[in-house]
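First comes the structure, then the notes that go with it.
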Amino acid sequence: MSAQHRFLPSLSPEKIHAIQTQGLNWTLRHAYAGNARYRERLAQAGYDPADTVSLDDLSRIPVTTVDELRRGYPLPLLSVPERDVVRIHASSGTTGKRKILAYTQNDIDTWKDMFARCYELAGLTTADRVQIAVGYGLWTAGAGFQLGCERFGAMSVPIGPGNMEIHLQLLEDLQTTCLCSTASMALLLAEEVAKHNLRKKISLKKAIFGAETHTPKMRARFVDWLGLTDSFDISGMTELYGPGAGLECAAHSGIHYWADLYILEVLDPETLQPVAPGEVGEIVVTTLRKEASPLIRYRTRDLTRLIPGDCPCGLCLPRHDRILGRSDDMFIFRGVNVYPGQIAAVVEHFPELGSEFQIRLTRKDGRDQMLVKIERKLGVSAEFDQNLSEAVSVELRKHLLARGWVEIVAPGDLPRSFGKTKRLIDDRNEE
């Protein structure tokens, strides 16, 4: 551990390589011994627990998908006796069954240290007051932010999402200094602070946000309206403990991730082969000490790219770009593969537009139609909406190679969310 840090480690690439090799072999043997499904799949791939696997052999290990979690419901991937499980968390499932992950006490201890690293990297101190605006209960977010805050030693203010009146009251009364939320919640709170003219009455300085993709324009808006000195994008997911798997540093040159706790690969989502350095691919993770529900080459569906080289901040931990979308967010429109992030990128180039947009897909006479509603920037006149919509339509067609309609709407017209904003509404089966 570095002398100037309580939680962030100082690790050379050689040390990380050694930790990952040891952790990979521990995880494979642990899962092989403790979980029948893992044992079957590893044996089929020719794995023998007597062997020592190198990092170069990782591609020979089969990937794990979300289907493994569904098939193993309610306690998938469990690799320890149930008596060793002290907690479960879950995320929503697309087929009616939630993804439930189990934790041992050692898992909880690892998670809280991971999260304490995040607060330390964001430059917080034990004098900070941290207002937590994410969900509690089955979801990992609230528990993770609070667990890490208590481990770090700052004051946690655990409100959860919603409860806007309470959020505004405690921002003012407790003079909280750091907000933890989704990007959508940060934007909603910023708009409420502006509406109630509270900017000069609060003391927020920093925000840690995550759980959804965001645009630079969206981020700049809530940073400006809340009067923040900085904001930090956090990574994580329920399967990988929860939030706190990495954080953007003050240099804003990518997200540092905890390579001593998990291996991160970036693979082509179609071929499952590594992409070239700097190219976008799907994150695949392998945990190195997770006991209850270890992950072996788990396909996260999150898209990013590895960032080579040293970070200007001086922290010797590797980096990846922010989450750029999900491989399963893609929709097919008139035979063209489209990601919502492509539309967000076009919106970014128009200074007259705000950050919020919504895509609605319909079908008329057997032909797909796409309408993109985009909010006008606050203070921009509606007089030129028609010209602006036509200009955006032209750019979208260039980038998507498909034609859609664009409608410019007033600021605040599109739905806001205390959690993740829903960008895509697909009504094509309603015809």
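The values are calculated or read from the model by the stated rules, or taken from the named source; none is laboratory data. Quick caveat, the model's predicted, so the values are computed rather than measured. So basically every Cβ, Gly included, is an ideal-geometry build from the backbone, and we count neighbours across all protein chains shown. Ligands, DNA and RNA are excluded from the accessible area calculation, which covers all protein heavy atoms including side chains. Shrake-Rupley method; radii C 1.70, N 1.55, O 1.52, S 1.80 Å.
Table for the structure above
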read-out: Solvent-accessible heavy-atom area per residue, rounded to whole Å², over the chain at 1.4 Å; value: 45 Å²
read-out: L198-R29 pseudo-label distance in nm [points 7 Å out on the Cα-to-Cβ vector]; value: 5.4 nm
read-out: Eligible aspartates and glutamates near K15 by straight Cα distance, threshold 17 Å, same-chain separation 8 or greater; value: D56, D260, D310
read-out: Backbone N under 12 Å from the K377 label point (7 Å along Cα→Cβ), restricted to segment 345-359; value: 348-355
read-out: Percent carbon-and-sulfur accessible area, segment 146-218, ignoring ligands, DNA and RNA, probe 1.4 Å; value: 50 percent
read-out: DSSP bridge orientation in the chain - percent antiparallel, rounded to nearest 5; value: 60 percent
read-out: Solvent-accessible ranking of M114, M155, largest area first, probe 1.4 Å; value: M155, M114
read-out: Virtual spin-label span in nm between E395 and I332, 7 Å along Cα→Cβ; value: 2.9 nm
read-out: Highest-first arrangement of 402-413, 313-324, 8-19, where packing means the average Cβ count within 10 Å; value: 313-324, 402-413, 8-19
read-out: Shape of segment 122-171, Cα gyration tensor, a/c cut at 1.5; value: oblate
read-out: Nitroxide proxy distance, nm - points 7 Å out along Cα→Cβ at T126 and R60; value: 5.0 nm
read-out: Segment 202-306 shape via C-alpha gyration tensor axes, a/c threshold 1.5; value: prolate
read-out: Loop chymotrypsin sites (Phe, Trp or Tyr not before Pro), segment 1-97, which have at most 15 other Cβ atoms in a 10 Å radius of their Cβ (DSSP); value: none
read-out: Helix-only [θ]222 nm of the chain, DSSP H runs n ≥ 4, -39500 (n - 2.57) each, per residue, nearest 500; value: -9000 deg cm²/dmol
read-out: Highest-fluctuation residue, T300, T104, T52 considered, GNM on the chain with Cα pairs under 10 Å; value: T52
read-out: Spatial separation of Cα centroids for segment 262-317 and segment 193-235, in angstrom; value: 28 Å
read-out: Set of segment 5-46 residues, backbone N closer than 11 Å to the point 7 Å along the Cα-Cβ line of D67; value: none
